[in-house]
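A short worksheet on the structure shown next.
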Amino acid sequence: MSKGKFYITTPIYYPSGNPHIGHCYTTVACDSIARYKRMQGYDVMFLTGTDEHGIKIEQKAKEMGISPKEYVDNIVEIFKKLWKYMNVDYDRYIRTTDDYHVEAVQKIFKELYDRGYIYKGEYSGNYCTPCESFWTNSQLDENKCCPECHRPVKEAKEEAYFMKMAPFADRLEKLLTETDYLRPKTRALELVNNFIKPGLEDLCVSRNSFKWGIPVPFDQDHVVYVWVDALSNYITALGYDNDAYNDFNKFWPADVHMVAKDIMRFHAITWPTILMALDLPLPKHLAVHGWITFNGAKMSKSLGNVVDPFVLGERYGADAIRYHILREMALGSDSSFSNEVMINRINTDLANDLGNLVARTVAMVEKYFGGVIPNEREEGEFDSELISEATNLRDKVDEYIDKTQLNIALEEIFKVVSRANKYIDETKPWILGKDETKKARLASVLYNLLETIRICATLLSAFMPTTMPKIFEQIGADSETATYDNAASFGVLPQNVKVVKGAVIFPRIDTEKEIEELNAIISENEKKAKKALEQAEAKATQPPEGIAVIGIEDFAKIELKTAKILECEPVKKSKKLLKLVLDNGDGSTRTVASGISEYYKPDELIGHTVIVVSNLKPAKLCGVESQGMILAADCPDGGVKVVFVDDIPAGSKVR
Ligand code: MSP
C-alpha cells in the first residue's frame, strides 16, 4: 500500500551547451532520493527538464544558422542521453517549449495581471546593444562593460511589465526564518538580510528586446521573463492550467525542490511570491547545495575545466561516478572535484571496502561449504554488535534521506560495511575453516556477513542502481529478500542460502596511469577553451562576422528590382528549393530557385511581388538555372519570410 505521495524536482537545465558533471550532481541526488522513496512505498513523481527560452539561446542558434528550436532539440537529446547513461529514472521530463507549458504560462501571467499583481512600467539600466541585454551594476565586468561580450554598455530604458513584491514580504520573511523551507537555514538568513530587510524591489517580468520566449498573452510585443516561465514548470508539468496532465491535486505542493546556490534566490523569493500571488500552497522544502568546483573555480565550459561525465562513466562506470559526487558534496558547501580524490574513493570505498567484503564472503562460502551455507549454527562473540549496527542502519539512512544529506546517508552505510570487514578480522573464518568442530560457528559468521551485505546493498541500491543487483545475485538475494521492508531485519536470506561467485564488482584503478591520462584530457580542454576565448575576444573588437563595412560604391553594384511571381513549383531533386518564374515588368521573365519550400507552399507565393537581386551571376541549383535571388528575412522565431512588396509595380528599381 502507498505510504503517500512524494514530489521531487531538479532545476530545469539551460541547454546552452553540453551537460557536465556539475549538472549531474542535482539530478543524480534527486534520482537517488526518488528511488529510495519508491523503495519505501511512496507514490513518487520525479521531474526534470530543460529551460529553453531566452536571448542567449536565440543568439547561439543564430550563430549556428539554425532556428532556436532546432538548436535546443539537439542539446536536449544530449541531456536525455546523459540521464539514461547515469541511470536516472525520472517520471516526467518537461521542456519549456512544450505547447502545454507555453499555454499554461500565458494563463498564469494573465491570472497574475488580472489579480492586480502585474503592471506596466519602464525598465532602465545598463544596456548592451550587441547582446540586447540589460545588466545591473553588480553584473557588469571589472571595466563596467557587458559581462558577456565585454563591450561598453549604455544607459537605456525599455517598456516592461513588473510584478509587485511588497505585499508578500512579511510572509516571505516568515517562510525563511520560521519554517524549515530552506535548507541549510544559514542561507535563509543571508537572503532575509540582503533582500527582504532592505525592501524587496518589484520584479521585471517581461522583455521586449528579443522574441525567443513565451509571448505575453495580452501584449505580443513582450515575452514573459525567462524565470517566470522556468519556475512555473514545477506546476505546469503536473497539469496546472493545462490539460496535458492531471496530477496537480495529487502531487502539489512539492516535497523537495533541489537547486544549487546560484539559483537559490529565485527559488526562495521569486517562486514563493508567484505561488502566494496565485493563492497556491508553498513547496515543503528547498534544498540548496554548493557547486562542484575544479581547482577552486565553478566548472564552466569557458574555463575548459568541465569534467565530462561520459568520459568518466566510460572509464569507471556510472555508479562509481554517482557514488563519488554524492559522497563528496555536503549540503550547503562546495565540493572540490579532483581526479585523485575520485580515484582514491573508488579504490578505497568501492573496490576495497565493499567490493572485497562481497568477494571474500562469497569466496569463503564456496571454499568451505561448496557455495551453500549449511543449517547448523553457533552464535558467538561479536555477532550481536554487527547485527545491531546492520539492523539499525535503515532508520539512520531514512533520516538523512529526509534531510537531503545524502553524503551522511552514504557515510552511515559505509560504516556498517567497515564494521563487517572488521568482523571478518575478529572472527577469523580462515582459522575456523581449518577446524572440523568449528563448522557451525563458521556457518554463522558467513551467514551474518551475507545478511549484512544484503542490508547495505539494499539501501545502496537507490544510489548505485546498476551494480547492487550484481551483488544480490552473488549473495543469493532476490527481489523478495532484497527489499526496503526487509532492510531492518536479520535472518531474511534462507538458512541454507546458495551464493554464486561473479565478476569483480568495482575493479581497482591504477591511480598513477589514470591520473596522467585524465590530466592530459583536462589540459587539452583548457587549451581549446583558452583558444576559443581569445578568438571570441578578437571577434568582439571586429564588426560582427559576415557583415563587412561597405561603401556606397559597393552597394551600388547590387541591382535590386521588383518582380511578380507568375508560377511556382517544388524542384523535384531538392527538399528545400522552389522554382519560381517571375515577371520582370518589361515583358520578360526570369527563373529563380529559392530555398524556401519549408516555409511556403507554391500557392502562397503566386501573385505576390518580391524583390530580386537581378544582376546576380546565374547558377545551376539541382538542375534549375537560377537567374537571381529573391529577398527573404530570417525571423527571430526561426522562420523565414519572403519580403512582399505587392503595392509596387514589377520592374521598379529598389535602392
Ligand atoms: N535554467 C535555470 C534553472 C531554472 S529552474 C526553474 C538554470 N539552469 S543551469 O543549467 O544554468 O543550471 C542548472 C543547475 O545546475 C543550477 O542549480 C546550477 O547551479 C547547477 N550547476 C551548474 N554547474 C554546477 C556545478 N559545477 N556544480 C553544481 N551545480 C551546478 O540555472
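Per-structure values
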{"item": "Helical mean residue ellipticity (222 nm; -39500 (n - 2.57) per DSSP H run of 4+; nearest 500) of the chain", "result": "-12000 deg cm²/dmol"}
{"item": "Stokes-Einstein D (µm²/s) once Rh is taken as the Kirkwood radius of the chain over alpha-carbon pairs, at 37 °C in 0.692 mPa s", "result": "112 µm²/s"}
{"item": "Under Karplus coefficients 6.51, -1.76 and 1.60, residue-wise ³J(HN,Hα) of the range 389-399 in Hz, glycine/proline x", "result": "5, 5, 7, 8, 4, 4, 4, 5, 5, 3, 4"}
{"item": "Anchor Lys107: lysines whose Cα lies under 22 Å away (excluding residues fewer than 8 positions away in-chain)", "result": "Lys120, Lys164, Lys211, Lys250"}
{"item": "The range 18-162, Rg to Rh (Cα coordinates; Rh as Kirkwood inverse mean 1/r)", "result": "1.05"}
{"item": "Percent carbon-and-sulfur accessible area, the range 373-507, ignoring ligands, DNA and RNA, probe 1.4 Å", "result": "49 percent"}
{"item": "Crossing angle, helix 406-427 versus the chain [Cα axis fit, 0-90 degrees, rounded to tens]", "result": "30 degrees"}
{"item": "Whole-Hz couplings from phi, Karplus 6.51/-1.76/1.60, listed for the range 583-590; x for Gly and Pro", "result": "8, 6, x, 10, x, 9, 10, 9"}
{"item": "Nearby aspartates and glutamates by direct alpha-carbon distance to Lys527 (threshold 19 angstrom, same-chain neighbours under 8 apart not counted)", "result": "Asp308, Glu516, Glu517, Glu537"}
{"item": "Fraction of alpha-carbon pairs over 18 Å apart in the range 110-236 - percent", "result": "64 percent"}
{"item": "Equivalent-ellipsoid semi-axes of the range 585-655, from the Cα gyration tensor, Å, largest first", "result": "19, 17, 12"}
{"item": "Rg and Dmax of the range 411-481, Cα atoms only, in Å", "result": "13.7, 41"}
{"item": "Of Lys80/Lys513; Lys62/Lys601; Lys37/Lys110, those spanning more than 27 Å from alpha-carbon to alpha-carbon", "result": "Lys80/Lys513; Lys37/Lys110"}
{"item": "Two-decimal log10 I(q)/I(0) for the range 544-637, as the Debye equation yields it once each C-alpha is a single scatterer, q = 0.23 Å⁻¹", "result": "-1.22"}
{"item": "Percent antiparallel among DSSP beta bridges (both partners in the chain, rounded to 5)", "result": "70 percent"}
{"item": "22 Å Cα-Cα threshold exceeded, pairs from Lys564/Lys653; Lys261/Lys528; Lys69/Lys641", "result": "Lys261/Lys528"}
{"item": "Principal axes of the range 557-604: Cα extent on each, largest first, Å", "result": "31, 24, 18"}
{"item": "For the range 517-523, Karplus couplings with θ = phi - 60° (6.51, -1.76, 1.60), whole Hz, Gly/Pro x", "result": "5, 5, 4, 5, 5, 4, 5"}
{"item": "Accessible area per residue in Å² at 1.4 Å probe, computed on the chain", "result": "47 Å²"}
{"item": "Proximal lysines relative to Lys439, as straight alpha-carbon distance under 29 Å, when same-chain residues fewer than 8 apart are discounted", "result": "Lys367, Lys415, Lys422, Lys428, Lys470, Lys498, Lys501"}
{"item": "Volume per residue of the C-alpha convex hull in the range 207-365, rounded to whole Å³", "result": "199 Å³"}
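The values are calculated or read from the model by the stated rules, or taken from the named source; none is laboratory data. What you see is a predicted model; the values in this text were computed from it and never measured. Areas reflect the complete protein model, heavy atoms only, side chains present, ligands, DNA and RNA absent. Shrake-Rupley method; radii C 1.70, N 1.55, O 1.52, S 1.80 Å.
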